[in-house]
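One structure is given here, and the rest of the page talks about it.
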Amino acid sequence: MGMNLTQKLIASHLVAGEMKAGTEIGIAIDQTLIQDATGTMVWLQFEQMGVARVKNRVCVQYIDHNLLQTSFENADDHLFLQSMSAKYGAIFSRPGNGISHFAHLERFDRPGETLLGSDSHTSTGGAMAMLAIGTGGSEVAAAMAGQPFYFKMPRVVRMQLVGAFPEWVSAKDLILELLRRMTVKGGLNQVMEYTGPALDKMTVSERATVANMNQELGATAGVFPSDEQTRRFMRAQHREPEWRALAADADAGYDEEIEIDLSKLEPLIAKPHSPDNVVPVREIAGLPVRQVCVGSSVNSSYRDLKVTAEIVKGKHVAPNLHMTLSPGSRQILINLEKDGAMLDMALAGVRGLEVACGPCIGMGAAPPSRGPSIRTFNRNFPGRSGTADDEVYLCSPEVAAATALTGVLTDPRTLGQPPRVREPDDYIIYTDDFIFPSNGGQPVEIVMGPNIKPVPVPEPLADEIKGEVLLKTRDNISTDDILPGGARVLPLRSNIPAISEHTFEYVDATFPQRAREKGGGLIVGGENYGQGSSREHAAIAPMFLGVKAVLAKSFARIHWSNLINWGILPVTFANAADYARVEERDLLELYGVREAISSGKELAVRDVTKGLTFAVTHDLSKRQIEILLDGGLLNHIRKSQVTGRRSHVTGPKPQVTGHA
């Protein structure tokens with residue numbers, strides 16, 4: 001039997017473990033990307049690893065989240081990130097140059113390579129036949145130091161795409177249909193590999209929409225082949241020499257196969273407050289709307305914004321709402337300006353925002369209280385928009401533009417013939433805002449503002465864990481619930497003592513105070529605890545407040561790793577029914593913790609308050625057990641002196657290809 005594409009990508013980078021589903025493997029990382037909301041912690045950790053230069057072939061530091069400079073914190077951090085990039089050999093993407101996923105797609109994504117990023121939507125790179133994975137900042141820092149990235153060998157699910165999109169239906173409707181079928185936890189420890197005849201007409205921009213939101217399935221990654229569509233995109237980006245064909249073998253096997261007939265799809269929308277709460281637009285059409293937002297880290301390609309422009313051209317946004325636009329890169333913006341699309345949208349009353357994540361992460365354009373906001377974004381968790389009682393819906397650019405014109409949620413099929421948009425065969429290439437580091441040797445002054453505080457380091461795992469249940473959460477708690485983003489909180493990402501005061505702010509604002517008063521404690525979670533963003537701050541802040549363990553029914557992949565890497569013990573209920581028996585403020589005790597996790601035994605948890613005992617289990621690898629025992633990944637790296645080991649990633653620094 002031949003190999004599928006995922007297996008080929010893993011096999012060509014495998015440096016540890018066996019390709020057996022569920023077992024831990026380590027792969028070499030060709031490229032890393034960092035964004036500014038997570039970047040300061042990445043660089044502070046990397047600096048402590050004692051490595052003189054970034055080891056990956058490509059490492060890019062993007063400024064795309066915290067561009068709202070209402071005070072000194074963001075501006076100071078941008079200077080810090082630029083100076084660290086210069087010192088250690090990373091490319092620096094200036095503010096306004098591009099959202100990481102789109103700018104990287106245009107300039108650096110390359111078929112056959114691996115990409116690791118401190119942003120969960122790094123998965124976008126899968127549109128270019130890469131194994132592109134989002135993870136916590138500490139693992140990205142380790143990869144930058146030349147270490148492998150470790151994860152469970154995933155099951156590979158074949159997503160066989162047949163048929164063609166009907167009029168007014170696009171790639172966003174495809175990924176929403178997958179979320180409707182599979183839910184936000186349906187892809188855990190799986191890679192979705194997209195195949196089938198429908199790909200012949202699916203552009204890289206459309207594939208990027210699916211690959212980006214593949215993360216919302218809880219999946220490890222999503223992978224598309226490198227074919228003539230990939231070649232066409234790279235040719236238009238003046239990068240055709242970097243193209244190569246990559247696909248699964250004809251006789252490749254898969255763990256599961258799912259067929260999707262695109263011709264049977266219709267315009268879909270995810271209702272509040274989860275990306276999998278999906279229904280046909282027609283079922284809730286007519287809903288009064290207060291805001292429409294197009295763009296940000298998904299659906300901000302040239303194709304998506306050109307479609308939007310064609311729909312609103314010669315018309316005007318309804319008076320009962322306002323509409324915003326966030327292009328994916330400055331290059332996309334320039335090409336839209338060249339062909340008049342930006343003028344069409346400006347005349348239609350669309351608010352042009354910065355080239356940045358913006359409203360998606362709660363950085364400006366927050367919707368009014370309880371005002372329905374129709375967005376082409378990837379997440380609609382409660383409060384993520386910056387408004388605590390928001391009502392955010394997720395949809396395609398076609399649905400968003402139609403709604404903006406009518407003032408109510410509108411099925412775009414009612415507008416008649418759809419616009420016909422073809423992506424350029426030759427883009428205007430813009431590279432001037434990528435700053436390349438020197439070859440080394442020149443002294444670099446590190447700019448460190450007063451908001452940047454030292455990295456807090458956890459203690460080695462205790463053999464006895466005692467504490468009160470500080471919080472018991474529902475299923476599908478997100479990292480936005482654990483530690484919100486937005487314009488008030490994200491500027492504090494470099495200052496753990498300050499940002500920890502916002503831990504569980506929208507769930508229970510008393511959490512930080514109670515944690516301090518109790519000297520720390522434990523958290524009890526439901527299914528899929530920690531879904532969503534890769535922000536490791538959602539693990540660091542609880543650790544700083546004294547949280548020693550999280551007991552949950554199950555964990556989301558990235559957050560589970562982040563807890564381990566920051567010295568918090570993640571365990572699951574051996575019997576899910578025990579979740580219902582434990583209540584907030586119960587006093588729990590765990591004894592013999594170090595020996596139990598080292599030997600793989602169940603841990604006995606005594607609920608002192610209720611006088612009962614129950615079991616919890618773990619699925620930690622030997623390496624992860626050592627990390628926990630040492631008190632987190634940074635302690636583990638220091639102790640084992642892994643920076644002296646051979647780097648598995650070699651190659652010359654890249655040149656930006658293309659020309660202005």
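The values are calculated or read from the model by the stated rules, or taken from the named source; none is laboratory data. Every value quoted in this text rests on a predicted model; they were computed, and no experiment measured them. Don't worry about glycine lacking a Cβ; one is built from the backbone with ideal geometry, like all the others, and counts go over all protein chains shown.
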| task | Identify the single condition in (1) more than 30 Å from residue 476 (Cα to Cα); (2) surrounded by 18 or more Cβ atoms within 10 Å (Cβ to Cβ); (3) in contact (Cβ under 8 Å) with a residue 40 or more places away in the chain that residue 309 does not satisfy, given that it satisfies every other one. | result | (3)
| Which residues, counting only those in segment 380-407, are crowded, with 24+ Cβ neighbours inside 10 Å, over 23 Å from the mean Cα position of the chain (by Cα) and of a type in the set (D, E, K, R)? | 398
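Looking at the structure I just gave you, is residue 535 within 28 Å of residue 34 (Cβ to Cβ), in the same structural domain as residue 490 (by TED's automatic domain parsing), in a loop (DSSP other than H, G, I, E, B) and of a type in the set (D, E, K, R)?
Values: within 28 Å of residue 34 (Cβ to Cβ): yes; in the same structural domain as residue 490 (by TED's automatic domain parsing): yes; in a loop (DSSP other than H, G, I, E, B): yes; of a type in the set (D, E, K, R): yes.
Here the answer is yes, as residue 535 does meet what is asked.
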| query | In this structure, is residue 210 assigned to a helix (DSSP H, G or I), within 25 Å of residue 425 (Cβ to Cβ) and touching a residue at least 24 places away in the same chain (Cβ under 8 Å)? | reply | yes
| field | Where residue 241 falls short, out of the listed (1) closer than 30 Å to residue 431 by Cβ; (2) in a strand (DSSP E or B) | value | (2)
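To keep it simple, each residue is scored yes or no on (1) of a type in the set (S, T, N, Q); (2) more than 26 Å from residue 421 (Cβ to Cβ); (3) surrounded by fewer than 24 Cβ atoms within 10 Å (Cβ to Cβ); (4) out of contact with any Lys or Arg (no Cβ under 7 Å at 6 or more places or on another chain).
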{"position": "210", "(1), (2), (3), (4)": "no, no, no, yes"}
{"position": "214", "(1), (2), (3), (4)": "yes, no, no, yes"}
{"position": "227", "(1), (2), (3), (4)": "no, no, yes, yes"}
{"position": "247", "(1), (2), (3), (4)": "no, yes, yes, yes"}
| field | Unmet requirement for residue 150, which otherwise passes all of (1) surrounded by fewer than 23 Cβ atoms within 10 Å (Cβ to Cβ); (2) over 20 Å from the mean Cα position of the chain (by Cα) | value | (2)
| query | Only one of these conditions is not met by residue 558: (1) in contact (Cβ under 8 Å) with a residue 12 or more places away in the chain; (2) surrounded by fewer than 24 Cβ atoms within 10 Å (Cβ to Cβ); (3) closer than 27 Å to residue 580 by Cα. Which number is it? | reply | (2)
| In segment 408-443, residue surrounded by the fewest Cβ atoms within 10 Å (Cβ to Cβ) [restricted to those that are in contact with a strand residue (DSSP E or B) (Cβ under 7 Å, 6 or more places away or on another chain) and not in a loop (DSSP other than H, G, I, E, B)] | 435
| field | Unique residue being of a type outside the set (Gly, Ala, Ser), under 27 Å from residue 212 (Cβ atoms) and at pLDDT 95 or above when the list is 74, 66, 97 | value | 97
| Only one of these conditions is not met by residue 418: (1) in contact with a Pro (Cβ under 8 Å, 6 or more places away or on another chain); (2) under 18 Å from residue 388 (Cβ atoms); (3) not basic (Lys, Arg). Which number is it? | (2)
| note | Picked from segment 476-488 (must be modelled with pLDDT under 90 and in a helix (DSSP H, G or I)), the residue nearest to the chain's Cα centre (by Cα) is 486
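Checking the conditions here, which among 304, 249 is acidic (Asp, Glu) and not assigned by TED's automatic domain parsing to the domain that holds residue 99? Lay out the reasoning, then the answer.
Values: 249 fails: not assigned by TED's automatic domain parsing to the domain that holds residue 99.
Answer to the selection: 304.
For segment 464-478, how many residues are of a type in the set (Val, Ile, Thr), within 22 Å of residue 274 (Cα to Cα) and touching an Asp or Glu at 6+ places or on another chain (Cβ under 8 Å)?
Looking only at segment 464-478, we keep the residues that are of a type in the set (Val, Ile, Thr), and these are 465, 469, 473, 477.
Then keep just the ones that are within 22 Å of residue 274 (Cα to Cα); that gives 473, 477.
Restricting the remaining residues to those that are touching an Asp or Glu at 6+ places or on another chain (Cβ under 8 Å) gives 473.
The number of residues fulfilling the criteria is 1.
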| message | Looking at 49, 1, can you tell me which residue is touching a helix residue (DSSP H, G or I) at 6+ places or on another chain (Cβ under 6 Å) and modelled with pLDDT under 95? | response | 49
| query | Across segment 350-371, which residue is modelled with the highest pLDDT among those that are out of contact with any helix residue (DSSP H, G or I) (no Cβ under 8 Å at 6 or more places or on another chain) and surrounded by 24 or more Cβ atoms within 10 Å (Cβ to Cβ)? | reply | 367
| note | Going through (1) of a type in the set (Ser, Thr, Tyr); (2) at pLDDT 95 or above; (3) touching a helix residue (DSSP H, G or I) at 6+ places or on another chain (Cβ under 8 Å) one by one, residue 406 fails only at (3)
| task | Go through segment 113-129 and give me each residue that's modelled with pLDDT of 95 or more and of a type in the set (Asp, Glu). | result | 113
